[in-house]
Amino acid sequence: MRNISIDLLDATPRPVVAIGTDYAYGQWLPRHTHRRAQLLYGATGVMQVSTHDGNWVVPPQRAVWIPAGVAHEVLMLGVSTRSLYIEPSAIDLGQRCQVISVSPLMRHLLMEAVEMALEYAENSRDAALVDLLLHELALSTHLPLHIPLPLDARLLALCQAFVQRPDAHQSPQQWADQLHVSLRTFNRLFRQQTGLSFSQWRQRACVVLALARLVAGEPVTSIALDFGYDSPAAFSTMFRRLLGQPPSVWLEGAK
């Protein structure tokens, strides 16, 4: 199925409904929920997904898992999607969104799935394809492309300001001073609220925010300097530490 709303198909008596959708660059999907869980795969372009507890950037050829009932909004940057809408009883990948890798096999299965009959016959090739897709999904690798956001209002304001203007030189002491707390109290609060240390969160945020710009063709040098890194090499080293590959190799794999 292509370019049709899941709302029209949600009652389909099958565990998986597959839909392909093409979005204009910059198209924004306001906050909404689905009764089914959703695997949202971008064959092209970049997706930026937001929920109450964080932001996710989804590069090309990757996907994001959105649990059933989780309110989310999505910014589409030149994206052609393949979505699986999955009955919650069919598979459980947890109650939080997460970006996942997509194997070559899963990629081909997703492309095939949107061509299936809506009510595919049980014990048919299409039913076997769906079973294999769910097996591949269960084995997928999670990628650290999530910027967790705190619930504490004062800390949330600082995190949101950083997301708007990343600065690799900002220190935990500077943030502690703005909150009028000791460094020790700040570090304890930050980890309680985000699950990461300040330096881990700062690096994660810089990498995630850089991805959309990298995929759009911006050079590493300009991004590194914009984010306050002393050199492109320093940025690339941090990028490789988090994602296991330098930006050039990561981008090649996203094509």
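The values are calculated or read from the model by the stated rules, or taken from the named source; none is laboratory data. Everything numeric in this text was worked out from a predicted model, so none of it was measured. A quick note on method: Cβ atoms are made from the backbone with ideal geometry, for glycine too, and the neighbour counts reach across all protein chains shown.
Quick notes on this structure:
- Of all residues in segment 130-157 being of a type in the set (Val, Ile, Thr) and more than 21 Å from ARG191 (Cα to Cα), the one that is modelled with the highest pLDDT: VAL130
- Against the criterion of being in the same structural domain as VAL58 (by TED's automatic domain parsing), of a type in the set (Val, Ile, Thr) and modelled with pLDDT under 95, VAL102 qualifies.
- Scan segment 24-58 for residues that are touching a Gly at 6+ places or on another chain (Cβ under 8 Å), within 28 Å of GLU252 (Cα to Cα) and not in a strand (DSSP E or B) and the total you get is 1.
- Considering (1) of a type in the set (Asp, Glu); (2) outside the structural domain of LEU93 (by TED's automatic domain parsing); (3) modelled with pLDDT under 95, the lone condition that GLU122 does not fulfil carries the number (2).
- The residues in segment 2-23 that are on the phi < 0 side of the Ramachandran plot and not in a strand (DSSP E or B) can be counted, and the count is 13.
- Residue within segment 175-183 that is free of Cβ contacts under 8 Å to residues at least 60 places away in the same chain, of a type in the set (Gly, Ala, Ser) and within 30 Å of PRO104 (Cβ to Cβ) present: no
Matching residues to (1) surrounded by 13 or more Cβ atoms within 10 Å (Cβ to Cβ); (2) small (Gly, Ala, Ser); (3) on the phi > 0 side of the Ramachandran plot:
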residue	(1), (2), (3)
HIS32	no, no, no
SER50	yes, yes, no
ASN55	yes, no, no
PRO60	yes, no, no
VAL70	yes, no, no
GLY78	yes, yes, yes
GLN98	yes, no, no
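- Residue in segment 107-122 that is surrounded by 13 or more Cβ atoms within 10 Å (Cβ to Cβ) and under 14 Å from the mean Cα position of the chain (by Cα) present: no
- Every residue from segment 209-241 that is among the hydrophobic types (A, V, I, L, M, F, W, C) and either within 16 Å of GLN170 (Cα to Cα) or at pLDDT 90 or above (or both): LEU209, ALA210, VAL220, ILE223, ALA224, LEU225, PHE227, ALA233, ALA234, PHE235, MET238, PHE239
- Within the option set ARG213, ARG191, being under 17 Å from the mean Cα position of the chain (by Cα) and without any contact (Cβ under 8 Å) to a residue 24 or more places away in the chain holds for one residue only, ARG213.
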